[in-house]
1. At R105 and L25, where each label point lies 7 Å from the Cα along Cα→Cβ, what is the point-to-point distance in nanometres?
2. Relative to the present Cα-Cα distance, how much length would full extension add between R13 and L201 at 0.36 nm per residue of separation?
3. Using 1/(1 + (r/R0)^6) with R0 = 35 angstrom and r between the beta carbons of L60 and A130, what's the FRET efficiency to the nearest 0.05?
4. Can you tell me the Rg and the Dmax, both Å, for the Cα atoms in the chain?
5. On each of the three principal axes of the Cα atoms of the stretch 118-217, give max minus min coordinate, whole Å, ordered largest first.
6. Ranked highest first by the average count of other Cβ atoms within 10 Å around their residues, in what order do 66-75, 82-91 fall?
7. Please give me, ordered by residue number, the GluC sites (Glu not before Pro) of the stretch 33-117 that lie in loop per DSSP and have at most 10 other Cβ atoms within 10 Å.
8. Using the Kirkwood formula over every pair of different C-alpha atoms, what hydrodynamic radius in Å results for the stretch 1-90?
Amino acid sequence: MRRATLEALLAARAAKRAVVLATRLGDGAQHLWPEEALPGALAEAAQAALDLDKPQSIALDGEAWFLQPFSPPLRLIVVGAVHVAQALAPLAATLGYAVTIVDPRRAFATEERFAGVVLSHDWPDEALTALAPDARTAVVTLTHDPKLDDPALDVALRSRAFYIGALGSTRTHAKRVARLKEMGHEDAAIARIAAPVGLDLGAVTAPEIALSIMAEIVQRRRGPKRRAP
C-alpha cells in the first residue's frame, strides 16, 4: 500500500468517514473511494460493498477487483437510563453496537446499573451534539419526559442517524409531534421517528421491549426480508 493511501485511510477512519479500498488484483494498484474518483461501475460496486458492509470480489472490463469497506463503528445512543435501557445495552453490544447511555439524572445512570457502558450525564441535546450521530448511528429515547426526550430528538432529526426511535404510545407521540413542529421540524423529518419504538412483537417486559427495538434497528439497517409468493 502506498504511503499516501495509508495516510488517507487512517485519516478517514479517524474522522469516522466510510471508505472503500479498491485493489486491482492484476497489478496491485489501489484506490481509496470516495477520496479518489472511480469509474462509474466501479464506484457503484464500491457503494454496494459499503452498504453491505462486506468485502466484495468483482470483475469489470476483464479486470478483477477486491473491494474492502472500512466503516465507522455502529453506535447506539440511548437517552434515558431506565429498565429498558439496562436490557437494551448488552443486547446491542452483542450485535456490534458501541452503546452510550445519556441521562443527566445521575441516580439512574450509574456504573452499577450499566457496567462497562459509556455514560453521559450531559443534558441530552448537549450530549447528542457532542456525539454527532452519523449514518451508522441509531438514537433511541426512553424517558417519557419531554424535557429530556425532545431536546435529543431535536438534534437527532438534524443528523444523519439511520434510526431514530421514541418510546411512548400513539397518543404520546401525537403530542410529541406537535412539540417538534413548534421546534421547526416538518412532517417529512418527523416521519423518521419510529414511534411507538420497536417492532410490534406484543412485547411487555423490559427485555422484550429491548428485543423489539433491536429487531427494528436491524430491520432498518439491513432491510426487511420478504418471502417470494
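Every read-out reported here was derived from the displayed coordinates using simple, explicitly stated rules and does not represent laboratory data. None of the values given here were measured: they were computed from a predicted structure. Cβ: placed from backbone, ideal geometry, glycine included. Neighbour counts: every protein chain shown.
1. 5.6
2. Contour length minus Cα-Cα distance gives 64.0 nm.
3. Details: r = 42 Å, r/R0 = 1.20.
For L60 and A130, the calculated efficiency is 0.25.
4. Final numbers for Rg and Dmax: 20.2, 63 Å.
5. 33, 32, 23
6. The most tightly packed comes first, giving 82-91, 66-75.
7. Sites meeting the loop and neighbour criteria: E111, E112.
8. One decimal place: 14.7 Å for the Kirkwood radius.
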